[in-house]
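A.B. asks: Before anything else, here's the structure in question.
The values are calculated or read from the model by the stated rules, or taken from the named source; none is laboratory data. What you see is a predicted model, and the numbers here were worked out from it, not measured in a lab. Here the Cβ is made from the backbone with ideal geometry for all residues, glycine too, and neighbour counts use every protein chain on show. Ligands, DNA and RNA are excluded from the accessible area calculation, which covers all protein heavy atoms including side chains. Shrake-Rupley method; radii C 1.70, N 1.55, O 1.52, S 1.80 Å.
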Amino acid sequence: MGRQESRRAANARKRMSRRPSRLGTPAGSTAKPDRVADPDAGFPGLLRQVWRRAERTEDLRAALDVLLTLDGHVPADIQLRALNSAQEAALTALRGPATVRADSGPTGDAGAAGGAGVSGSGGAVRRSAEAGVAGAVASGPAASEPSAPEAAVRADSRASGSAAFAGGAGASGSGAARRGADDAGGADTPGDGGADVVFVGEVGLAANGRIALRVPGGRPLDPRDLVGGVRRVPYDRAALDAYRRELGRVRERNAARAADCRAWLAGQGTEGRRALLDQALEAAVRTAPFVLYQEDTQYTNFRERNTLTGKTLWPGHPDCALGALRDLPLDLWTDQDTQLVVCLTLLIRSAGFGRVEEANGTQLTVDHVAYTLERVRRAYAAVPGVAPVPAAASHRVADLDRLAVALRERRLEVSGHAQLYREIHGALMHKVERVAAAPGPVARAREDAVAAHLRARLPLSGRTLADLGRDLAAAPDWLAAPHGAFGTGLESLVHETVTASADAFGADFAMSRGMRSLPDLVRALRGENWAAICDWDITHFFCCVVPRPEAAAHFGGSRAALADAAWAMSSRMSYNSWHFVAGNLPREPEVVARDHFVPPVIPDVAYFSDQHHHGHVNNNVRFSVRSPQPVEVDGRRFDGFMDLRLLRCAGEPFGEQDVLAAHRVSGFVARATSLAAALVAAGTGLEVTAFDSDWHWTAVTGAGPAAPGALAGPDRRAS
């Protein structure tokens, strides 16, 4: 055994850049950065674009269409469900009686979507949510679905009558609105000589992406909270009276919901409430960022605005809204906090922590949770061979709790008959669980292309990926032996599968991650050395990233910049492996204390992910598919142990058929990894040494090691 590296040498090594184009140079030693941050990149730039478009749009309906969908980047129903009570009442009043929501109650015609009542904009919420996928403006992510959220919004507008705004706000009840100019910055006034205007409200776009409204009696919108200016919204006497009536109904409904939540929590007892709080706190720590609202109170574990335990507030922090309730008598809880705890409980009971992200960007109300659960219930009921879960008898918490528990139980059965996946709408970090249709010609063509590539490059035979997997299982020993340019067959299989996927799916990048030393993992598992596994850093993991040559066009035409981007993705994906692995271990103290997320178990497709995540913004990660898979290691199942990711920097988004095909491909790699782990458990040595920074430089540029100090191409903007 060689001499152990000294601490001084190790620290010196860590101070050297690992970026492929700068290998051998001290980190941070360049005269100037080769990436210049673009002020219009990411979410702030999108919001400025949205407001400019809304401001230039003459018709107020079309302007609201732009704001509700963030110019085609999200479904309108997310924004509609983000409205507080007064805003909800205002938009319902302006839309006219044709679309006023019937008070929610027992399931039936008065409820939303067959029993789950929603906010006052209910019709628009339901139709927009069910009609389309956000993300595509020109063309949708799946041929079987409408192409853009705007289509659903406009359809709702037509159904609502000519006086309605598209998707939720409209001109005064007397007629259509037109764009006008006045000293206050422009007013949309009645264009048909209707009733006198008695109040002029405002509509704007807040810096958090939500629509901002000045309602009757409200103060002018604060320009410090807005992306741009405002558009004026007139109220005539009829609209004002409708607003007053609707606001009364909304407040009465909210009071009833809050009282029901408080009574249900009281029935849980002190220890029961503490258990629910502990569960909600665990969800905040172990899941991706979420931003939720209760009226004007924001609850989030995201970045500097944290009000919940997360990356900024450590567990037990006194500023955490949930932690502050633990020893507080129930009668001192606010109505907002009361509903927060109940709604989080219902979401978690229906599908685990991941369901919380399906409320991202919206008001977390009982009625909105009821809408979500009913949407899930209907989706599950449509799966052949699965008995439907009965709808909730009402929107009382007890009835919704029974529905949530039943859905969680039925979810396991559904997953055996159909593929579940999630849509991710990156601009608002909102997720929606979907049930996929059967694989069609597109999915089969993708899979066939990958299988053909693997047959030509690996010692496997078979027409389909399933055939190749069976052939591999019959003789897996070559996975531990050198193959081609790689030290092990497993490395070769991962690389060839990723390469084939990039071409077959038309992706700019494809990648797959895993653990470098399966022998180390087997030894740690057999010794129950959980602390050792938790102590491993990201260098114990790998990710093979393969960009197609055409992707260099998104990086200034520089292959060196492309290699740097590939390595940045590889490093981040190695972090993801590090972040998930502890979630599969027993809840020992060292595991609980270790930062980790609950490992993902179903695939997802993301639209416009280049908004918030700095790495996504810098490396143009716009559209993606992720397919996580479990791997069995020495008898223990590790969820999310590996995945296949496909990225596009521009162009068309991926669709449902891409998700189905990618899941077949990732399942093939997972099967190979499990077979490799079985070889290791039987005593075979197998280490993954490829896919480091040097490898990505050579693989992407086709050149030898980068010269010290070599720049990654010309100066470019991170966009």
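A.B. asks: Those residues that are among the aliphatic types (A, V, I, L, M) and surrounded by fewer than 22 Cβ atoms within 10 Å (Cβ to Cβ), I need them from region 650-674; list them, please.
C.D. replies: Matches in region 650-674: A650 only.
Here's the yes/no breakdown for (1) open to solvent by 50 Å² or more (accessible area, probe 1.4 Å); (2) assigned to a helix (DSSP H, G or I); (3) at pLDDT below 95; (4) over 21 Å from H430 (Cβ atoms):
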{"position": "I348", "(1), (2), (3), (4)": "no, yes, no, no"}
{"position": "T372", "(1), (2), (3), (4)": "no, yes, no, no"}
{"position": "R378", "(1), (2), (3), (4)": "yes, yes, no, no"}
{"position": "V389", "(1), (2), (3), (4)": "no, no, no, yes"}
{"position": "H395", "(1), (2), (3), (4)": "no, no, no, yes"}
{"position": "L407", "(1), (2), (3), (4)": "no, yes, no, no"}
{"position": "H417", "(1), (2), (3), (4)": "yes, no, no, yes"}
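A.B. asks: Return the pair list, or none, for Cβ contacts closer than 6 Å from residues in region 299-315 that are closer than 21 Å to T338 by Cβ to residues that are open to solvent by 10 Å² or more (accessible area, probe 1.4 Å) and part of a strand (DSSP E or B), at least 6 apart or on different chains.
C.D. replies: The qualifying pairs are T300/V291.
A.B. asks: Residue by residue through region 455-472, note down the ones that are part of a helix (DSSP H, G or I), within 15 Å of S492 (Cα to Cα) and free of Cβ contacts under 8 Å to residues at least 60 places away in the same chain.
C.D. replies: R455, A456, R457
A.B. asks: Checking S492 against (1) more than 23 Å from the chain's Cα centre (by Cα); (2) surrounded by fewer than 17 Cβ atoms within 10 Å (Cβ to Cβ); (3) of a type outside the set (A, V, I, L, M, F, W, C), only one condition comes out false. Which one?
C.D. replies: Every condition holds for S492 apart from (2).
A.B. asks: Look at region 505-553 and say how many of its residues are among the small types (G, A, S), open to solvent by less than 20 Å² (accessible area, probe 1.4 Å) and touching a residue at least 40 places away in the same chain (Cβ under 8 Å).
C.D. replies: 6
A.B. asks: Take region 327-346 and flag every residue that is under 15 Å from V369 (Cβ atoms) and either open to solvent by 10 Å² or more (accessible area, probe 1.4 Å) or in contact with a strand residue (DSSP E or B) (Cβ under 7 Å, 6 or more places away or on another chain) (or both).
C.D. replies: Q336, Q339, L340
A.B. asks: Can you tell me which residue is farthest from P234 (Cα to Cα) among those in region 56-114 that are modelled with pLDDT under 90, small (G, A, S) and outside any helix (DSSP H, G or I)?
C.D. replies: G108
A.B. asks: Can you confirm whether region 311-326 contains a residue that is open to solvent by 10 Å² or more (accessible area, probe 1.4 Å), closer than 24 Å to Q87 by Cβ and of a type in the set (F, W, Y)?
C.D. replies: No, region 311-326 contains no residue that is open to solvent by 10 Å² or more (accessible area, probe 1.4 Å), closer than 24 Å to Q87 by Cβ and of a type in the set (F, W, Y).
A.B. asks: Name the residues in region 656-681 that are out of contact with any helix residue (DSSP H, G or I) (no Cβ under 9 Å at 6 or more places or on another chain) and within 14 Å of G514 (Cβ to Cβ), would you?
C.D. replies: A670, S674, listed by residue number.
A.B. asks: Now for a separate question. I'm told P476 meets every condition in (1) open to solvent by 10 Å² or more (accessible area, probe 1.4 Å); (2) within 26 Å of A565 (Cα to Cα); (3) touching a Leu at 6+ places or on another chain (Cβ under 6 Å) except one. Can you identify the failing condition by its number?
C.D. replies: Going through the list (1) open to solvent by 10 Å² or more (accessible area, probe 1.4 Å); (2) within 26 Å of A565 (Cα to Cα); (3) touching a Leu at 6+ places or on another chain (Cβ under 6 Å), P476 breaks only (2).
A.B. asks: Could I ask something else about it? Where the second residue is crowded, with 19+ Cβ neighbours inside 10 Å and of a type in the set (S, T, N, Q) and the first is farther than 26 Å from V250 by Cα and in contact (Cβ under 8 Å) with a residue 24 or more places away in the chain and lies in region 282-296, which pairs have Cβ atoms under 7 Å and are six or more apart or on separate chains?
C.D. replies: A284/N301; A284/T309; V285/T309; P289/N301
A.B. asks: Here's another thing I want to ask about it. Only one of these is in contact with a helix residue (DSSP H, G or I) (Cβ under 8 Å, 6 or more places away or on another chain) and either in a helix (DSSP H, G or I) or in contact (Cβ under 8 Å) with a residue 60 or more places away in the chain (or both): R251, R274, R224. Name it.
C.D. replies: R251
A.B. asks: Among the residues of region 294-317, is any under 20 Å from the mean Cα position of the chain (by Cα), at pLDDT below 95 and among the hydrophobic types (A, V, I, L, M, F, W, C)?
C.D. replies: For region 294-317, residues under 20 Å from the mean Cα position of the chain (by Cα), at pLDDT below 95 and among the hydrophobic types (A, V, I, L, M, F, W, C): present.
A.B. asks: Could you check how many residues of region 272-310 are open to solvent by less than 30 Å² (accessible area, probe 1.4 Å) and of a type outside the set (G, A, S)?
C.D. replies: 16
A.B. asks: Mind counting the residues in region 669-701 that are in contact with a strand residue (DSSP E or B) (Cβ under 9 Å, 6 or more places away or on another chain) and within 30 Å of A553 (Cβ to Cβ)?
C.D. replies: 8
A.B. asks: In region 235-242, is there at least one residue being under 30 Å from R48 (Cβ atoms) and open to solvent by 50 Å² or more (accessible area, probe 1.4 Å)?
C.D. replies: No.
A.B. asks: I need the full set of residues from region 525-539 which are outside any helix (DSSP H, G or I) and either closer than 20 Å to R572 by Cβ or in contact with a helix residue (DSSP H, G or I) (Cβ under 7 Å, 6 or more places away or on another chain) (or both), in order please.
C.D. replies: W536, D537
A.B. asks: Condition first: surrounded by fewer than 24 Cβ atoms within 10 Å (Cβ to Cβ), in contact with a helix residue (DSSP H, G or I) (Cβ under 7 Å, 6 or more places away or on another chain) and among the β-branched types (V, I, T). Now tell me which residues in region 588-641 satisfy that.
C.D. replies: V591, V598, V617, V633
A.B. asks: Select, from E433, E413, E447, E423, the only residue that is assigned to a helix (DSSP H, G or I), under 28 Å from F623 (Cα atoms) and within 27 Å of the chain's Cα centre (by Cα).
C.D. replies: E447
A.B. asks: Give the residue that is farthest from R444 (Cα to Cα), with candidates limited to residues of region 455-469 that are touching a Lys or Arg at 6+ places or on another chain (Cβ under 9 Å) and open to solvent by 40 Å² or more (accessible area, probe 1.4 Å).
C.D. replies: S461
A.B. asks: Now for a separate question. If only one of L221, L265, L213 is open to solvent by 20 Å² or more (accessible area, probe 1.4 Å), under 34 Å from the mean Cα position of the chain (by Cα) and modelled with pLDDT of 95 or more, which one is it?
C.D. replies: The match here is L221.
A.B. asks: Further question: Any idea which of (1) without any contact (Cβ under 8 Å) to a residue 12 or more places away in the chain; (2) open to solvent by 50 Å² or more (accessible area, probe 1.4 Å) is the one A481 doesn't satisfy?
C.D. replies: Just one mismatch for A481, condition (2).
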